[in-house]
Every structure is written in structure tokens, then in C-alpha cells.
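Undergrad: Take a look at this one; I'll ask things after.
The values are calculated or read from the model by the stated rules, or taken from the named source; none is laboratory data. Everything quoted here is computed from the prediction, not taken from an experiment. All Cβ positions, even for glycine, are placed from backbone atoms using ideal geometry, and neighbour counts span all protein chains on display.
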């Protein structure tokens with residue numbers, strides 16, 4: 001308290017001068033419209049800049065929550081889309097048909113990757129979804145860019161996923177611009193490149209063509225992106241093998257979707273009748 005009194009006594013003339021200056025400026029601003037408008041514009045600019053900075057900071061701090069909400073919204077939209085299928089009539093008009101009466105086939109579950117390996121011949125990932133989230137073995141795992149892998153071992157709250165970068169991984173895939181298909185495998189060398197094998201001789205292909213899931217398995221729906229053709233063998237053989245550059249950066253994965261195929265057991269039971 002004594003220091004405050006000492007400060008006021010020492011700088012009383014300066015403080016009195018400053019007080020009078022503030023009154024003078026206030027009177028000028030209030031009595032002259034030009035000065036008043038300039039002051040208001042300057043104050044708005046300063047306050048607007050401060051509010052914008054504060055808003056950016058709040059947005060940054062809330063990114064995790066916003067991403068989680070966006071993932072949940074995308075999951076809901078994907079599930080709603082699967083209630084419909086598109087029919088094209090003879091004049092090219094598309095109709096959306098409610099599939100409640102046609103048996104919904106796929107359901108999407110959102111999740112996150114909490115552990116990821118990509119530098120061994122047999123790579124696995126761990127996701128934060130398990131039995132309590134209705135996740136079971138042999139379910140497709142994808143993200144917005146494409147295929148990631150297939151669930152293998154599942155606990156109550158987590159699941160291990162066999163990565164597409166696993167030498168035991170075999171996924172049915174085809175060309176986006178044709179129905180020719182093959183088997184997607186990995187030779188264990190480059191984590192950005194996988195191989196599409198067993199391609200028919202008559203398949204027409206060129207570098208840059210898109211490869212997608214073929215839909216001939218009970219795990220992946222048809223049309224999930226995988227990558228583009230990186231290289232083609234010079235000589236065409238009966239069973240071609242091509243290199244496919246993945247859309248996904250397998251070293252940088254986060255949010256994912258796990259896909260449930262409600263028809264999987266029925267399809268597997270039907271296929272087992274021939275064995």
C-alpha cells in the first residue's frame with residue numbers, strides 16, 4: 001500500500017496530464033463525427049483481430065473433438081447410404097430405392113488406429129474397437145482413402161488388424177474401368193507398393209489406372225479404392241503381376257471405418273456346400 005502511495009505521489013503530475021489527455025481525446029471523438037468514425041473503425045479492427053485470434057486458438061484446441069464429431073457424422077451418412085441402391089432406367093435416370101425391404105448388407109463402425117506397424121514382412125495394426133462395439137474377426141478396415149486391412153484377433157475393447165502390408169494378405173481387387181480382377185498381395189519390400197497378381201491375359205491396362213476392391217469376397221464391398229498402377233511388365237503372360245501404388249500413406253493412419261457384412265455367414269455357408 002505504501003508503494004502505491006509513493007508511486008502516485010511521484011508520478012502525480014504525469015498521471016494528471018494523462019487523465020486530462022484522455023478527457024480531451026474523448027471530447028474530440030464525441031464532438032466530431034469524422035474522428036468518431038475513425039476511432040470506431042480502428043477499435044473494431046483491433047477487437048476483430050483479437051477475436052479472430054481467440055477463435056483460431058479455440059478452433060485449434062477443439063480439433064480433436066471436431067474430428068471425432070465429423071467421423072461420427074460420416075459413419076452415420078455411410079450407414080444411411082447403404083439403405084439405398086441406385087437403379088438406372090432405359091433413359092439414364094437414377095432412382096434411389098429403399099433397401100429396408102431388400103436386406104441392408106453393410107454397416108460402418110468408426111474407430112481409430114492406436115498402433116501401426118509397416119516395416120516388417122508381416123505387419124499388424126491395433127484399433128480401439130472390439131467385441132463390445134460389435135467388431136468380429138474377418139471384417140474390412142478402411143479409411144477415406146481406401147483399404148487398410150482385415151480384423152484378425154478381437155478382444156472386448158480392441159482388435160488386431162492384418163495390414164494390407166502383410167505377406168499373408170490376399171484381397172480380391174479389380175480394375176475400376178473393367179471387370180477383370182486379380183488377387184492383391186504384398187511382396188514385403190516397398191510399403192507404398194503392393195502387387196496385383198493372377199490378372200487375365202486379355203485385361204487391358206495402363207499406368208495410372210485405378211484399382212479397387214472387386215466385391216467377390218464376403219469381407220470388402222465392391223469399389224473401395226486401393227491405388228493406381230505404378231508399373232506393368234514388359235511381356236504379357238498368362239498370369240500377369242503389376243505393381244499398385246497405394247492411395248493410403250500406411251505410415252500415417254488415424255481414423256478408420258470397420259465394415260460389417262450382414263450377408264457374410266450366408267455367403268460362406270453357401271460356398272462351403274461345394275467343399
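Undergrad: Going by what's in this entry, would residue 248 be described as surrounded by 15 or more Cβ atoms within 10 Å (Cβ to Cβ), modelled with pLDDT of 95 or more, in contact with a strand residue (DSSP E or B) (Cβ under 7 Å, 6 or more places away or on another chain) and within 26 Å of residue 133 (Cα to Cα)? Before the answer, list the steps.
TA: Values: surrounded by 15 or more Cβ atoms within 10 Å (Cβ to Cβ): yes; modelled with pLDDT of 95 or more: no; in contact with a strand residue (DSSP E or B) (Cβ under 7 Å, 6 or more places away or on another chain): yes; within 26 Å of residue 133 (Cα to Cα): yes.
Taking the combined requirement at face value, the residue does not satisfy it.
Undergrad: I'd like to verify a number: residues in the stretch 117-133 that are surrounded by 20 or more Cβ atoms within 10 Å (Cβ to Cβ) and part of a strand (DSSP E or B), how many?
TA: Step one: filter the stretch 117-133 for residues surrounded by 20 or more Cβ atoms within 10 Å (Cβ to Cβ), giving 123, 125, 127, 129.
Checking which are part of a strand (DSSP E or B) leaves us with 123, 125, 127.
Matching residues across the stretch 117-133 total 3.
Undergrad: Filter the stretch 153-163 down to the residues that are surrounded by fewer than 23 Cβ atoms within 10 Å (Cβ to Cβ) and either out of contact with any strand residue (DSSP E or B) (no Cβ under 7 Å at 6 or more places or on another chain) or more than 19 Å from residue 119 (Cα to Cα) (or both) and list them by number.
TA: If the condition is that a residue be surrounded by fewer than 23 Cβ atoms within 10 Å (Cβ to Cβ) and either out of contact with any strand residue (DSSP E or B) (no Cβ under 7 Å at 6 or more places or on another chain) or more than 19 Å from residue 119 (Cα to Cα) (or both), then 153, 154, 155, 156, 157, 158 are the ones that fit.
Undergrad: Sort through 172, 119, 143, 166 and tell me the only one that's in the same structural domain as residue 210 (by TED's automatic domain parsing), out of contact with any strand residue (DSSP E or B) (no Cβ under 8 Å at 6 or more places or on another chain) and in contact (Cβ under 8 Å) with a residue 40 or more places away in the chain.
TA: Numbers: 172 fails: out of contact with any strand residue (DSSP E or B) (no Cβ under 8 Å at 6 or more places or on another chain); 143 fails: out of contact with any strand residue (DSSP E or B) (no Cβ under 8 Å at 6 or more places or on another chain); 166 fails: out of contact with any strand residue (DSSP E or B) (no Cβ under 8 Å at 6 or more places or on another chain).
Residue meeting the stated conditions: 119.
Undergrad: Would you pick out the residues in the stretch 242-274 that are part of a loop (DSSP other than H, G, I, E, B) and farther than 25 Å from residue 188 by Cβ? Break it down stepwise before answering.
TA: Pass one, the stretch 242-274, residues part of a loop (DSSP other than H, G, I, E, B): 247-254, 262-263, 273-274.
Of everything in the stretch 242-274, those that are part of a loop (DSSP other than H, G, I, E, B) and farther than 25 Å from residue 188 by Cβ turn out to be 262, 263, 273, 274.
Undergrad: Continuing with this model, one more query. For residues that are assigned to a loop (DSSP other than H, G, I, E, B) and within 14 Å of the chain's Cα centre (by Cα), scanning just the stretch 134-151, find the one that is surrounded by the most Cβ atoms within 10 Å (Cβ to Cβ).
TA: Residues of the stretch 134-151 that are assigned to a loop (DSSP other than H, G, I, E, B), as a first pass: 134-139, 144-145.
Checking which are within 14 Å of the chain's Cα centre (by Cα) leaves us with 144-145.
Values: 144: 12, 145: 15.
In this case the residue turns out to be 145.
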